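Quick notes on the structure that follows.
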Amino acid sequence: MDLCEIEPNIRRGGDVRAMLTPSTVGSTSGFMGVAIVQPGDRIAEHYHPYSEEFVYVVCGQLEVDLDGVSHPLQPEQGLMIPTHVRHRFRNVGNVEARIVFHLGPLAPRPPLGHVDTEGCDSAPAAEQESPLAAGAS
């Protein structure tokens, strides 16, 4: 899969692309993607009730809020986010940030894999489809 083959999901901030998923490559244990976050932008707070999330920072200066506590993330650093931990990514630098993420195991059904705790656009969070689970159907 090439990044340009995946439609950007920007509903919650950033540009989230679930690349290697059950629907794109037939994965059965989890899925992987890339998130691109412009300076001053963020990926809204959410959590995963079934999956751990593994994150690797490729470039840029990020802060991640884990259950409300802010932590810096630098290029070439990795992070594991346990299930049920609320998290939000913010680009606090002046250049684009890119992260690679992997979630596993899969939720029983894609809509159950991602719970929004804040919204980024005009639709209430409960009405929005998961940006990360969207590719996992």
Is there a residue being among the aliphatic types (A, V, I, L, M), under 17 Å from VAL16 (Cα atoms) and touching a residue at least 12 places away in the same chain (Cβ under 8 Å) anywhere in the range 102-113? yes
Within the range 48-67, tally of residues that are open to solvent by 60 Å² or more (accessible area, probe 1.4 Å) and not acidic (Asp, Glu): 5
Exception for PRO39 within (1) more than 10 Å from the chain's Cα centre (by Cα); (2) closer than 15 Å to MET80 by Cα falls at (2)
Can you pull out every residue in the range 6-44 that is among the polar types (S, T, N, Q), outside any loop (DSSP other than H, G, I, E, B) and open to solvent by less than 60 Å² (accessible area, probe 1.4 Å)? ASN9, THR24
Candidates ARG90, ARG42, ARG11, filtered to the one that is at pLDDT below 95 and not polar (S, T, N, Q): ARG11
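Return the total of residues in the range 78-96 being more than 16 Å from ASP65 (Cα to Cα) and open to solvent by less than 70 Å² (accessible area, probe 1.4 Å).
Result for the range 78-96: 1.
Just to be sure before I move on: is VAL69 in contact with a Leu (Cβ under 7 Å, 6 or more places away or on another chain) and among the hydrophobic types (A, V, I, L, M, F, W, C) in the structure I sent?
So VAL69 fails the test.
Restricting attention to the range 68-120, report how many residues are among the hydroxyl-bearing types (Ser, Thr, Tyr) and touching a helix residue (DSSP H, G or I) at 6+ places or on another chain (Cβ under 8 Å).
The first filter runs over the range 68-120 and keeps only residues among the hydroxyl-bearing types (Ser, Thr, Tyr), leaving 70, 83, 117.
If we keep only those that are touching a helix residue (DSSP H, G or I) at 6+ places or on another chain (Cβ under 8 Å) as well, we get 117.
Looking only at that region, the number is 1.
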Search the range 73-85 for residues that are more than 16 Å from ALA44 (Cα to Cα) and pair each with any residue that is open to solvent by 50 Å² or more (accessible area, probe 1.4 Å) and polar (S, T, N, Q) when their beta-carbon atoms are under 8 Å apart and the residues are at least 6 apart or on different chains. LEU73/GLN61; GLN74/GLN61
Just to verify a result, which residue in the range 101-126, among those that are among the acidic types (Asp, Glu) and modelled with pLDDT of 65 or more, is least open to solvent (accessible area, probe 1.4 Å)? ASP116
Based on what the data block shows, is THR24 under 18 Å from PRO110 (Cα atoms) and in contact with a strand residue (DSSP E or B) (Cβ under 9 Å, 6 or more places away or on another chain)? yes
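The values are calculated or read from the model by the stated rules, or taken from the named source; none is laboratory data. Only a predicted model underlies this, so the values are computations on that prediction, with no experimental measurement involved. With ideal geometry, Cβ positions are generated from the backbone for all residues, glycine too; neighbour counts draw on all protein chains shown. Calculation scope for accessible area: heavy atoms of the full protein, side chains included, ligands and nucleic acids excluded. Shrake-Rupley method; radii C 1.70, N 1.55, O 1.52, S 1.80 Å.
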